[in-house]
């Protein structure tokens, strides 16, 4: 395998035949060979807006608790259905969810935006999948990526920055490894960076003409900016930004 910038592997078929591959091994995503590789993964990455929507988690073990917390963090209303609730659900989790202690019933899917089948039983999860499909509700089966309409990626959160990692269900362990690697690489300075850019964007939209905005952002979004944040020189950074805005 060839190596991409940053150490990742590049398929040798692309490396040998693709005119869009740079000398550094970086593939341009628009090139035909790379498009083919992306499509072959069989998934389409999206971020769902679930705030205020009701989602169902079937199963209340460690996995169910983790899935419920992720949905709660998105702003969703979460209903948990399980014969028993494990210690993995803390008091805060229980108070935030609607918990129904009994077995799954197909009627539990009524009004749901999506469902996660998170029991440790493939047969029970299969029942949930079948019932969800019959109602047109998207379902994730934690025991089978092939039976799932969507796959929940490994996530790195740094404030407004979200990095999602998935192997398409092929190796959750590797997705977790990549996530842990990214967590070390992307420190809390990225939280501050996103907060700064979010605060700055309305001013840029109001004060700069569209044709000069790209050049402005190119000055701001750099490794040097991140270094200033890391070293506690936020005031210096803001002074530079004010000069760039007025120049």
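What follows is calculated from the coordinates using simple rules that are stated; it is not laboratory data. Please read these numbers as outputs of a predicted model, since none were measured by experiment. Positions of Cβ are backbone-derived with ideal geometry, glycine not excepted, and every protein chain shown enters the neighbour counts.
Take each of the peptides 43-56, 156-169, 67-80, average the number of other beta-carbon atoms within 10 Å over its residues, and list them starting from the highest.
67-80, 156-169, 43-56
Subtracting the Cα-Cα distance from 0.36 nm times the residue separation, let me have the gained length for residue 209 to residue 49 in nm, one decimal.
Once the chain is fully extended between residue 209 and residue 49, it gains 54.5 nm.
Can you compute the modelled spin-label distance between residue 246 and residue 96, with each label point 7 Å from Cα toward Cβ, in nm?
Here the answer is 4.4 nm between the modelled labels.
Mind running the shape call on region 189-246? Use the C-alpha gyration tensor, a ≥ b ≥ c as the square roots of the eigenvalues: rounded below 1.5 for a/c, prolate if a/b tops b/c, oblate otherwise.
Values: a/c = 1.93, a/b = 1.77, b/c = 1.09.
In terms of gyration-tensor shape, prolate.
Quick one: check the C-alpha center-to-center distance for region 190-239 versus region 165-180, whole angstrom.
One Cα centre to the other: 32 Å.
How big is the antiparallel share of DSSP beta bridges in region 109-196, given as a percent to the nearest 5? Mind dumping the intermediate values first?
Numbers: 5 of 9 bridges.
Just about 55 percent of them are antiparallel.
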